1. So if I check each of ALA19, ALA51, ALA67, ALA72, which one is surrounded by 15 or more Cβ atoms within 10 Å (Cβ to Cβ) and either at pLDDT below 95 or in contact with a Pro (Cβ under 8 Å, 6 or more places away or on another chain) (or both)?
2. Could you look through segment 22-48, keep only residues that are open to solvent by 70 Å² or more (accessible area, probe 1.4 Å), part of a helix (DSSP H, G or I) and charged (D, E, K, R), and pick out the one that is farthest from TRP11 (Cα to Cα)?
Amino acid sequence: MDGQENPCDSWWGLVKYYATFVMERVELGVEAVKQLLSTLSSDERWGVMMAIDEAQPEMFEELTAAAPDWVAWMG
């Protein structure tokens, strides 16, 4: 793998990139977040939520409190 990027690193980088868009939508409401997440794969959705929790734990708590059924979106 000399000179090649680790696929896990590139996946995590992409997920963190998506998370920035989701975080921008939190202030627009749960439906805006849900709409954006619906365009991603299940793995990407879970990764985005993990990335938000890592980067902005307060925002993660705000989002999950506003949408207690958020786990159902992950499927």
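1. Working: ALA19 fails: either at pLDDT below 95 or in contact with a Pro (Cβ under 8 Å, 6 or more places away or on another chain) (or both); ALA51 fails: either at pLDDT below 95 or in contact with a Pro (Cβ under 8 Å, 6 or more places away or on another chain) (or both); ALA72 fails: surrounded by 15 or more Cβ atoms within 10 Å (Cβ to Cβ).
Answer to the check: ALA67.
2. So in segment 22-48, the residues open to solvent by 70 Å² or more (accessible area, probe 1.4 Å) come out as 24-25, 27-28, 31, 34-35, 38-39, 43, 46.
The next check asks that each one be part of a helix (DSSP H, G or I); those that pass are 24-25, 31, 34-35, 43, 46.
This time we only want the ones that are charged (D, E, K, R), so: 24-25, 31, 34, 43.
Working: GLU24: 20, ARG25: 21, GLU31: 25, LYS34: 21, ASP43: 10 Å.
Across segment 22-48, the extreme among qualifying residues is GLU31.
The values are calculated or read from the model by the stated rules, or taken from the named source; none is laboratory data. No experiment lies behind these values; they were computed from the predicted model shown. All Cβ positions, even for glycine, are placed from backbone atoms using ideal geometry, and neighbour counts span all protein chains on display. Side chains included, ligands, DNA and RNA excluded: accessible areas come from the protein's heavy atoms. Shrake-Rupley method; radii C 1.70, N 1.55, O 1.52, S 1.80 Å.
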